[in-house]
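Visitor: Pasting in a structure now, in structure tokens, and then I'll have a few things to ask.
The values are calculated or read from the model by the stated rules, or taken from the named source; none is laboratory data. The structure displayed is predicted, hence computed values, not measured ones. Neighbour counts run over all protein chains shown; Cβ positions are idealised from the backbone, glycine included. Heads up: the accessible areas ignore ligands, DNA and RNA and are worked out on the full protein's heavy atoms, side chains in. Shrake-Rupley method; radii C 1.70, N 1.55, O 1.52, S 1.80 Å.
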Amino acid sequence: MMSARIKNLVKVAILVAVLAAGSQISIPTPFLVPITLQILFVALVGFLLKTPSALATIFTYVSIGAVGLPVFASFNGGLGTLFGYTGGFVFGFFPLVALCSIGKGKVKILFGILGTILCHVMGVLQYMLVANASFIASLITTSLPYILKDIILVVIAYFVSALILKRIKKES
């Protein structure tokens with residue numbers, strides 16, 4: 001029988017792989033910020049795991065991307081991606097996943113929406129710095145076209161996680 005620690009490590013590893021694969025679902029745009037489903041997968045991690053494991057999953061994902069593995073959107077990786085135009089969104093995955101992993105029931109959706117907003121704020125601020133653009137121009141370029149989609153993805157992630165957790169409970 002597997003120990004709880006081993007089971008948790010397996011869950012983290014599987015979710016890192018799911019996040020890396022899901023990050024490749026990407027549609028390029030003329031604004032340097034592709035349309036992706038990353039928020040869906042990050043929120044799913046948060047809704048499925050407790051906070052320490054959820055943060056470990058994102059830390060592992062970001063770390064393997066930082067060393068150059070092409071796990072970020074559009075098969076990107078490396079420090080250039082993390083500290084480039086869209087890297088703030090990747091750093092924003094930490095508060096997003098942490099907030100998704102707290103609370104009970106549907107209240108988790110509200111935490112997930114707050115996490116999404118924080119993720120967008122971090123993305124806008126880094127874009128603003130890297131592109132030497134105004135806050136408003138950065139907001140219009142990197143956040144406003146995507147925020148509603150990302151909020152909807154968080155809600156979808158919540159309901160998908162509820163189905164997964166129900167199935168896991170039924171199987172055990």
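Visitor: What does the charge count around Val12 come to, taking other residues whose C-beta lies under 14 Å from its C-beta (Lys +1, Arg +1, Asp -1, Glu -1)? Provide the component values of the computation, followed by the final result.
Guide: On the way: positive: Arg5, Lys7, Lys11, Lys50; negative: none.
Net charge in that neighbourhood comes out at +4.
Visitor: Determine ³J(HN,Hα), in whole Hz, for all residues of segment 93-99 in sequence, where each value follows from phi through the Karplus function 6.51 cos²θ - 1.76 cosθ + 1.60 and θ = phi - 60°; x replaces Gly and Pro.
Guide: Result, ordered by residue: 5, 5, x, 4, 5, 5, 5 Hz.
Visitor: Give me a comma-separated list of calculated 3J(HN,Hα) values for segment 156-172, in order, Karplus coefficients 6.51, -1.76, 1.60 applied at θ = phi - 60°, integers in Hz, x for any Gly or Pro.
Guide: Along segment 156-172, the couplings run 4, 4, 4, 5, 5, 5, 4, 5, 5, 5, 5, 5, 4, 4, 5, 6, 8 Hz.
Visitor: So, with +1 on the Cβ of K and R and -1 on the Cβ of D and E, and no other charges, what is the size of the charge dipole of segment 33-167 about its Cα centre, to the nearest 20 debye?
Guide: Values: 7 positive and 1 negative charges, 113 e Å.
Dipole about the Cα centre, nearest 20: 540 debye.
Visitor: Given H placed on each backbone N at 1.01 Å, which residues far from Ile35 in sequence or on other chains put an amide H within less than 5 Å of it?
Guide: Distant-sequence amide H within range of Ile35: Ile27, Thr29.
Visitor: What order do Ser63, Ser161, Ser134 take when sorted by accessible area (1.4 Å probe), most exposed first?
Guide: Ser134, Ser63, Ser161
Visitor: Right, another one. Just to check I understand the Karplus step: with θ = phi - 60° and J = 6.51 cos²θ - 1.76 cosθ + 1.60, what whole-Hz values come out for segment 14-29, glycine and proline as x?
Guide: The phi angles translate into 4, 6, 4, 5, 5, 5, 5, 5, x, 5, 7, 7, 8, 10, x, 10 Hz.
Visitor: Once the other residues with Cβ under 15 Å from the Cβ of Lys169 are scored (Lys, Arg +1; Asp, Glu -1), what is the net sum? Walk me through the numbers before you get to the answer.
Guide: Numbers: positive: Lys7, Lys11, Lys166, Arg167, Lys170; negative: Glu171.
Spelling it out: positives minus negatives among the neighbours equals +4.
Visitor: I want to verify a result. In a Gaussian network model of the chain, Cα cutoff 10 Å, which of these has the top mean-square fluctuation: Ile147, Ile156, Ile27?
Guide: In this elastic network of the chain, the residue with the biggest mean-square fluctuation among Ile147, Ile156, Ile27 is Ile27.
Visitor: Rounded to the nearest 0.05, what FRET efficiency do Ile27 and Ala162 have when you use their Cβ-Cβ distance and R0 = 25 Å?
Guide: Numbers: r = 27 Å, r/R0 = 1.10.
Taking R0 as 25 Å, the efficiency between Ile27 and Ala162 is 0.35.
Visitor: A follow-up question, please. So for each of 37-47, 68-78, 89-99, 7-17 I average, over its residues, the number of other beta carbons within 10 Å; can you give me the resulting order with the highest mean first?
Guide: Values: 37-47: 27.1, 68-78: 18.2, 89-99: 24.2, 7-17: 15.8.
My ranking of the peptides, most packed first, is 37-47, 89-99, 68-78, 7-17.
Visitor: Taking segment 63-169, which trypsin sites (Lys or Arg not before Pro) meet the DSSP loop condition and have no more than 13 other C-beta atoms within 10 Å? List each step's numbers first, then the result.
Guide: Numbers: sites: Lys104, Lys106, Lys108, Lys149, Lys166, Arg167, Lys169; in loops: Lys104, Lys106.
Loop-located and lightly packed - Lys104, Lys106.
Visitor: Report which label in [x] 115; [y] 125; [z] 102 holds the value of volume of the Cα convex hull per residue in Å³ derived from the coordinates of this structure.
Guide: Matching the structure shown: [z].
Visitor: Over the Cα atoms of segment 78-172, each weighted equally, I'd like the Debye log10 I(q)/I(0) at q = 0.10 Å⁻¹, rounded to two decimals.
Guide: Listed by q, the Debye log ratios stand at -0.32.
Visitor: Counting pairs of alpha carbon atoms under 8 Å apart in space and at least six apart in sequence, what relative contact order in percent does segment 36-172 give? Each step should come with its number before you reach the end.
Guide: Working: 195 pairs, mean separation 38.9, N = 137.
Relative contact order, segment 36-172: 28 percent.
Visitor: Here's something else I'd like to know. Keeping every protein chain present and rolling a 1.4 Å probe, give me the accessible area per residue for the chain in Å². Write out the running numbers ahead of the final one.
Guide: Details: 9100 Å² over 172 residues.
Dividing the accessible area of the chain by its residue count gives 53 Å².
Visitor: Using all Cα-Cα distances in segment 1-97, what percent lands in each 10 angstrom bin from 0 up to the longest?
Guide: Computed distribution, short to long bins: 17, 51, 25, 6, 1, 0.
Visitor: Then there is this: Computed over the Cα atoms of segment 1-56, what is the convex hull's projected area averaged over all directions, in nm²?
Guide: 4.3
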